[in-house]
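Down below is the structure, laid out as structure tokens.
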Amino acid sequence: MRDADRRTIIAGLGAGLAVAASTACAAPRGRKIGYAVVGLGRYAELIMSKFAECDQSRLVALVSGTPEKLIRFGEKYGIPASHRYSYADFDRIRDNPDVDVVYVILPNALHAEYTVRAAKAGKHVMCEKPMAVSVAECRTMIAACRAAGRKLMIGYRSRFEPYNQLAIDLAKKGFVGPTRIITADHGFNAQPNQWRLDRKLSGGGSLMDIGIYSLNATRYLTGEEPVEVSAIESTDRRDPRFATVEDRITFLLRFPSGIEATCVSSYSSNHNMYRVTGTQGWIELEPATAYEGQAMRIRRDGRTEARSVPVPKGQHAGQLDHFAGCILHGTDPLVPGEEGLADMRVIEAIYRSAREGRRITLG
Ligand code: NDP
């Protein structure tokens, strides 16, 4: 490797880390921001365990429809009975000054309702992806938080993950030349009998749940919004898992600068990668958006090399502390409600393209 190349890569790494530092938390400044977690399912269980790594965030309240979970997690995390809520008495959270943020980790179709109720209770909101199940719902959520003067952030955790941050930085700088093509594949083999496979609760199939990572990555890697969408769906309707939602949906996005992205979304095969191909090589992450274990390879000047980046703080704690920092310092989140809305706009266009069998132009 030429020294000049090495220097550029090191500079790139440094820039990536600078991005990481700027999106992570500042040093603790006394008060920690208090979070109430709503919906104590599998992802909430992981999130609750991550407060131990946080500098500016703490878990202070629980909301659940399952009394046994309120007791179990309440005891595990030292949450007193006064700070445990059912869905029916959720609105009482307005009277709890320890709760600054409501973190909505419910099935997708419930995100809008609980975001609006949280904002009306005077709380800031962190909401899981997908933000909601329609563009209309996303707009309602943004409006409710704005009317209440509260912040809204979407749980796009990859933006707080150092390999993704470096990939964004290198792509923006044209490290492998100007980007021409992005390929992004995400999927897993969906287990039967869960809300994800019930359109009323999920709003859709693999695209809403996992394909959204492919879409979101193309947007953060280009910094552009797609102007054209084409998609094809492949679903075996004899498979009882796919009675109401799609399995695979493959989509092509065209961006204003001429970049094209080809993306896979699947509920019947495992994928977790993206590759940014420029005029002089490519940058690849596989896995790209997993909870941990990201691996990066870069091909440039005919040589392929693995890159490793220090990971000073996990992406989940980084995400929680970023939002806490925004509240403490009065700044805007890196991934506000408008980010969730932008994805949902494209998701609706992807579904429409697949349904109507034609290209959809986005204004
Ligand atoms: P789970 O099924 O594991 O948990 C959902 C929880 O929501 C349930 O345990 C239940 O908690 C509550 N709930 C309330 N009403 C219902 C209902 N009608 N049906 C089912 N559950 C209900 O789902 P996940 O934790 O995997 O997903 C929750 C959200 O988090 C989704 O929006 C998903 O997309 C997102 N997610 C994000 C990830 C990320 O990496 N950013 C990863 C995984 C999920 P209780 O018993 O306490 O009421």
* To do: Can you work out which of the residues in segment 119-164 that are within 13 Å of the ligand (Cβ to nearest atom) and hydroxyl-bearing (Ser, Thr, Tyr) is surrounded by the fewest Cβ atoms within 10 Å (Cβ to Cβ)?
  => SER158
* Asked: Does ALA217 count as assigned by the TED database to the domain that holds ALA261, over 21 Å from the mean Cα position of the chain (by Cα) and modelled with pLDDT of 95 or more?
  -> no
* Would you mind finding the one in ASP301, ASP321, ASP343 that is within 30 Å of GLY30 (Cβ to Cβ) and not assigned by the TED database to the domain that holds ARG150? => ASP321
* Does THR331 satisfy the condition of being touching a residue at least 12 places away in the same chain (Cβ under 8 Å), of a type in the set (S, T, N, Q) and on the phi < 0 side of the Ramachandran plot? -> no
* To do: Test ILE212 against the criterion of being open to solvent by less than 10 Å² (accessible area, probe 1.4 Å) and in a strand (DSSP E or B), and give yes or no.
  => no
* Could you tell me whether segment 199-211 includes any residue that is within 11 Å of the ligand (Cβ to nearest atom) and of a type in the set (S, T, N, Q)? => yes
* Structure fact -> Scanning segment 337-353 residue by residue, the ones that are among the small types (Gly, Ala, Ser) and more than 13 Å from the chain's Cα centre (by Cα) total 2
* Inspect all residues belonging to segment 44-55 and state whether any of them is in contact (Cβ under 8 Å) with a residue 24 or more places away in the chain and hydroxyl-bearing (Ser, Thr, Tyr). => no
* Structure fact -> By my count, strands (runs of 3 or more DSSP E) wholly in segment 252-328 with at least 2 residues that are on the phi < 0 side of the Ramachandran plot and aliphatic (A, V, I, L, M) are 260-266, 271-278, 281-285, 296-300
* Asked: From the list THR277, THR235, THR262, which residue is without any contact (Cβ under 8 Å) to a residue 60 or more places away in the chain, hydroxyl-bearing (Ser, Thr, Tyr) and over 30 Å from GLN56 (Cα atoms)?
  -> THR235
* Structure fact -> Restricted to segment 332-355 and to residues being in a loop (DSSP other than H, G, I, E, B) and open to solvent by 30 Å² or more (accessible area, probe 1.4 Å), the residue nearest to GLY155 (Cα to Cα) is LEU334
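Of a type in the set (S, T, N, Q), under 24 Å from ALA288 (Cα atoms) and open to solvent by less than 30 Å² (accessible area, probe 1.4 Å): does that describe THR262? I'd like the intermediate steps shown before the answer.
On the way: of a type in the set (S, T, N, Q): yes; under 24 Å from ALA288 (Cα atoms): yes; open to solvent by less than 30 Å² (accessible area, probe 1.4 Å): no.
Answer is no for this residue.
The values are calculated or read from the model by the stated rules, or taken from the named source; none is laboratory data. As the structure is a computational prediction, the values presented were derived from the model and not from experiment. Note that each Cβ is placed from the backbone with ideal geometry, even for glycine, and that neighbours are counted across all protein chains shown. Accessible surface is based on the protein model in full, side chains and every heavy atom, while ligands, DNA and RNA are left aside. Shrake-Rupley method; radii C 1.70, N 1.55, O 1.52, S 1.80 Å.
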